[in-house]
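Every read-out reported here was derived from the displayed coordinates using simple, explicitly stated rules and does not represent laboratory data. Given the structure is predicted, the values throughout are model-derived calculations rather than measurements.
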Amino acid sequence: MPHPLLSVEDVSKSYDGFKAITNLNFYLYEGELRTVIGPNGAGKSTFFDLITGRAKPDKGKLDFGTDPAASHDLTELNEYEINRLGIGRKFQTPSVYTEHTVWDNLVLSLKGPRGVFASLFHRLTSTDRDRLDDILKTVRLDAKRDWKAGLLAHGEKQWLEIGMLLAQDPKVLLVDEPAAGMSDDETDRTGDLLLSLAGKHSLIVIEHDMAFVKQIAANGVVTVLHQGTVLCEGKFDEVQSDEKVREVYLGRGKHGTR
Ligand code: ADP
Ligand code: MG
């Protein structure tokens with residue numbers, strides 16, 4: 001077994017005495033697409049807050065890097081430094097620049113300490129241009145590159161935001177409930193998109209929609225969070241038939257269908 005890219009060990013985080021995350025252990029391997037599910041309030045988004053440095057753990061380890069001799073202690077770094085290491089996050093609601101074109105949104109997301117003005121008027125290198133062209137195709141927005149982002153459909157905005165994340169060329173993509181509010185067709189395409197990114201990138205995808213989870217977890221591992229800790233981990237079928245999981249999550253029938 002190779003060394004994990006991300007190691008989370010015995011991590012806890014409380015808010016005013018409420019334990020949002022409790023003794024969490026989690027390992028992500030390079031190139032993996034991991035799906036994280038769990039009922040509302042299970043601590044899924046808090047887990048992302050801890051990885052990205054938005055929140056700091058009360059205890060435990062968060063290490064990043066496949067070389068144990070040169071791994072980064074994420075608890076010592078701020079949000080900006082963690083992002084620069086190659087950990088990118090997509091929040092649930094799209095936050096694109098609605099008045100700018102699809103293309104300019106990608107340009108604005110390129111790595112580098114540039115302001116909006118400098119980014120848009122700075123000449124792109126041909127390497128950057130080619131990369132952004134590839135990203136546009138990957139997120140299927142090449143035909144809409146000159147559209148104002150505000151005019152895109154909800155699903156397209158989500159894809160643009162995934163494209164903006166890709167423009168930063170992250171090692172790890174953290175994606176929080178990408179299928180929320182999408183049509184079945186958009187959901188299906190989003191699944192294909194995320195699957196196409198695995199291997200080249202490592203991904204953790206938080207999701208509720210079980211049809212979608214089944215699609216993206218076809219070859220991967222599903223982690224079930226409950227009350228801030230791992231309840232169960234395994235292949236989709238194993239997790240789905242696990243009694244504990246059925247009790248706390250699937251058995252409620254709330255998220256079982258779409
Ligand atoms: P999930 O994403 O699984 O629905 P969250 O991680 O958002 O769950 O929340 C887990 C629990 O932690 C919730 O009870 C929530 O109210 C609490 N929590 C999360 N972030 C904060 C915060 N910044 N301040 C106070 N409580 C928080
Ligand atoms: Mg959440």
Seminar exercise, completed: The whole-number value in µm²/s of the Stokes-Einstein translational diffusion coefficient for the chain, with Rh from the Kirkwood sum over alpha carbon pairs at 20 °C and 1.002 mPa s, is 113 µm²/s
Problem set entry | Most fluctuating residue given options Ala69, Ala211, Ala198, as computed from a GNM of the chain linking Cα atoms under 10 Å | Ala69
Exercise. Calculated from DSSP H runs of 4 or more alone, at -39500 (n - 2.57) each and per residue, what is the 222 nm mean residue ellipticity of the chain, nearest 500?
Worked result: -9500 deg cm²/dmol
Seminar exercise, completed: Taking Cα atoms only, helix 126-138 is inclined relative to the longest principal axis of the chain by an angle, in degrees rounded to 10, of 50 degrees
Seminar exercise, completed: Amide H contacts under 5 Å for Arg89, restricted to residues at least 5 apart in sequence or on another chain and with H modeled in the peptide plane, are Leu174
For this session: Project the alpha carbons of segment 182-230 onto their principal axes and report the range along each, largest first, in whole Å.
Result: 32, 27, 15
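With all pairs of different alpha carbon atoms counted, what Kirkwood hydrodynamic radius in Å does segment 75-220 show?
On the way: mean 1/r = 0.0635 Å⁻¹.
Roughly 15.7 Å, rounded to one decimal.
At 10 °C and 1.306 mPa s, what whole-number value in µm²/s does Stokes-Einstein give for the translational diffusion of segment 11-103, with Rh from the Kirkwood sum over Cα pairs? Mind dumping the intermediate values first?
Details: Rh = 15.0 Å.
Answer from the Stokes-Einstein relation: 106 µm²/s.
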Exercise. When DSSP assigns beta bridges and you keep just the ones with both residues in the chain, what percent turn out antiparallel, to the nearest 5?
Worked result: 55 percent
For this session: For the chain, find the longest principal axis of its Cα atoms and tell me its angle to the long axis of helix 184-197, 0 to 90°, nearest 10.
Result: 90 degrees
For this session: Mind telling me which of Ser14, Ser95, Ser126 comes out most flexible in a GNM of the chain, alpha-carbon contacts under 10 Å?
Result: Ser126
